[in-house]
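> I am attaching a structure below and will ask some questions about it afterwards.
Bear in mind that the values in this text are calculations on the coordinates, not laboratory data. As the structure is a prediction and not an experimental result, all values here were calculated from the model. Ideal geometry is used to build each Cβ from the backbone, glycine not excepted, and the neighbour counts take in all protein chains shown.
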Amino acid sequence: MKLISTFIIGLIFGIGITVGGMANPAKVINFFDVAGTWDPSLLLVMVSALVVTAVGYYFVLKRPHPVFEDVFSLPAAKQIDLPLIAGSTAFGVGWGITGFCPGGSIPALGLAIPDPFIFVGSMIVGITLAKFLRGRNAFKTVKTHN
């Protein structure tokens, strides 16, 4: 049942990303082009996602535990550190240059064009490199203002 619910949730997410235009790199790049061909329609998609997430967290976290697990798996870190800044920067630069974010790139694989495959491959390399560097303690924690 856990596998089936995971599949259904992923399918709904992929359909939402696709219908919202987040799997279309041209639409995403136009959203970032505020001085040119700005397309504000993705702002509605992002705000809608934030509202749904906030409502979902409000109700779900009132439960004693998740449906298929014993405890909720929530991030414990509260500080802004170098890995967070580096990851956020890589995410933003990659999204702005390619028009793909990780969530939008997976459904875009179904388009059978090379761009999302290149992006996902590069993303996997980046994740692997980050894990390697973290394992070698290359990222030292740098505390900044919260």
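> Counting alpha carbon pairs within less than 8 Å and at least 6 residues apart, what relative contact order, in whole percent, applies to the chain?
30
> Moving on to the next point. Can you compute the helix-only [θ] at 222 nm over the chain? Use -39500 (n - 2.57) per DSSP H run of at least 4 residues, normalise by all residues, nearest 500 deg cm²/dmol.
-20500 deg cm²/dmol
> Can you list which of the chymotrypsin sites (Phe, Trp or Tyr not before Pro) found in region 53-109 are DSSP loop residues with at most 14 other C-beta atoms within 10 Å?
PHE68, PHE72
> Out of (i) 96; (ii) 163; (iii) 184, which label holds the value of volume of the Cα convex hull per residue in Å³ that was computed here?
Among (i) 96; (ii) 163; (iii) 184, the one calculated here is (ii).
> Roughly how many nanometres apart are two label points built 7 Å out from the Cα toward the Cβ at SER73 and LEU44?
That separation, rounded to one decimal, is 3.5 nm.
> Also, I was wondering about something else. In debye to the nearest 20, how big a dipole does region 2-135 give about its Cα centre with +1 on each Lys and Arg Cβ and -1 on each Asp and Glu Cβ?
Result for region 2-135 is approximately 340 debye, rounded to the nearest 20.
> Next question, about the same structure. Starting from the 7 Å offset along Cα-to-Cβ, what nm value, one decimal, do you get for the label separation of ILE4 and LEU111?
It works out to 3.3 nm between the two label points.
> DSSP loop (so not H, G, I, E, B), at most 16 other Cβ within 10 Å: list which trypsin sites (Lys or Arg not before Pro) in region 52-146 pass both filters.
Loop-located and lightly packed - LYS62, LYS78, ARG136, LYS140, LYS143.
> Can you tell which of ALA90, LEU42, THR18 lies farthest toward the positive end of the dipole of the chain, using +1 and -1 charges on the Cβ of basic and acidic side chains (Lys, Arg; Asp, Glu)?
Result: ALA90.
> Using a/c under 1.5 as the rounded threshold, could you call region 40-93 rounded, prolate or oblate? The axes a ≥ b ≥ c are square roots of the C-alpha gyration tensor eigenvalues, and prolate needs a/b larger than b/c, oblate otherwise.
Oblate is the answer for region 40-93, as a/c is 1.5 or above yet b/c matches or exceeds a/b.
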